[in-house]
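Structure record follows, encoded as structure tokens.
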Amino acid sequence: MFCANCGSSVDAAVCRVCGTPVQAGAHDAVSTVLAGWWSRVGATIIDSLFLIVPTLVLDLLLGNLVGQIVAIGVQATYMIGLQTQPSGQTLGNRALQTRVRDALTGHTISVRQATVRWACIAVYGILEVFSSTGSSSFTALVSVLALADCLYPLVSPRKQTIHDRIAHTIVVRA
């Protein structure tokens, strides 16, 4: 069984890592194989390549600021819409045979979880845009945070990114 708060393995009434009480009647429904780091990176690259075309088109048609705002909406719709489907897969996930699941139950993630997951990633991009016009130390900080999120599955026992932990999700092999 895994803690719903921190994702650590739990064998008692309270998580020994974060102290969160284990839900009564909770069971370990997540018995599938966790996706590897390279599969996750590959899926992200494919999704990014797929989304770059509409982003550039919207930017050209609507102008820089309005185009970027509309592109963010398109990207959110794509990520949230596909990850909340029963398959839990974007096009990148399908190509690399991975899917996003609820970390506690192993079921399809909710719209709230998908929104939180996407928003965490979107914040890095938005901060990067704003920081590019300001302080180089702020730009470096944002870059380090994004890199830490990307590399976190290499040290996480459940191969979760920081945004996975915040949204209570995992990525598994399909």
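Read-outs throughout are calculated quantities, based only on the coordinates presented, and are distinct from any laboratory measurement. Just so it is clear, the structure is predicted and the values come from calculations on it, not from any experiment. Cβ: placed from backbone, ideal geometry, glycine included. Neighbour counts: every protein chain shown.
Report the full-extension gain for the segment Leu61 to Arg173: residue separation times 0.36 nm, less the Cα-Cα distance, to one decimal in nm.
Working: separation 112, 0.36 × 112 = 40.32 nm, distance 3.83 nm.
Difference between extended and current length: 36.5 nm.
Out of Ile45, Leu96, Ser136, whose Cα points farthest toward the positive end of the dipole of the stretch 37-173 (charges: +1 Lys, Arg; -1 Asp, Glu; placed on Cβ)?
Comparing the listed Cα positions along the dipole, Leu96 ranks first.
Multiplying the sequence separation of Thr105 and Ala12 by 0.36 nm and subtracting their Cα-Cα distance, what value in nm do you get? All intermediate terms of the calculation are to be shown ahead of the outcome.
Working: separation 93, 0.36 × 93 = 33.48 nm, distance 1.77 nm.
Here the segment from Thr105 to Ala12 would lengthen by 31.7 nm.
Neighbouring Cβ atoms within 10 Å as the yardstick, rank His168, His163 fewest first. Write down the numbers at each step before the final one.
On the way: His168 23, His163 20.
In increasing order of surrounding Cβ atoms, one gets His163, His168.
7 Å from Cα along Cα→Cβ at both Leu49 and Gln85: what's the point-to-point distance in nm?
Output for this residue pair reads 2.0 nm.
Taking the Cα atoms of the stretch 37-173, report the difference between the largest and smallest coordinate on each principal axis, in whole Å and largest first.
42, 33, 25
What order do you get for Ile109, Ile72 when you list them from fewest to most C-beta neighbours inside 10 Å? Provide the component values of the computation, followed by the final result.
Details: Ile109 25, Ile72 16.
The most exposed by this proxy come first: Ile72, Ile109.
Using alpha-carbon positions, what is the distance between the centroids of the stretch 53-70 and the stretch 96-174, in Å?
Cα centroid of the stretch 53-70 versus Cα centroid of the stretch 96-174: 24 Å apart.
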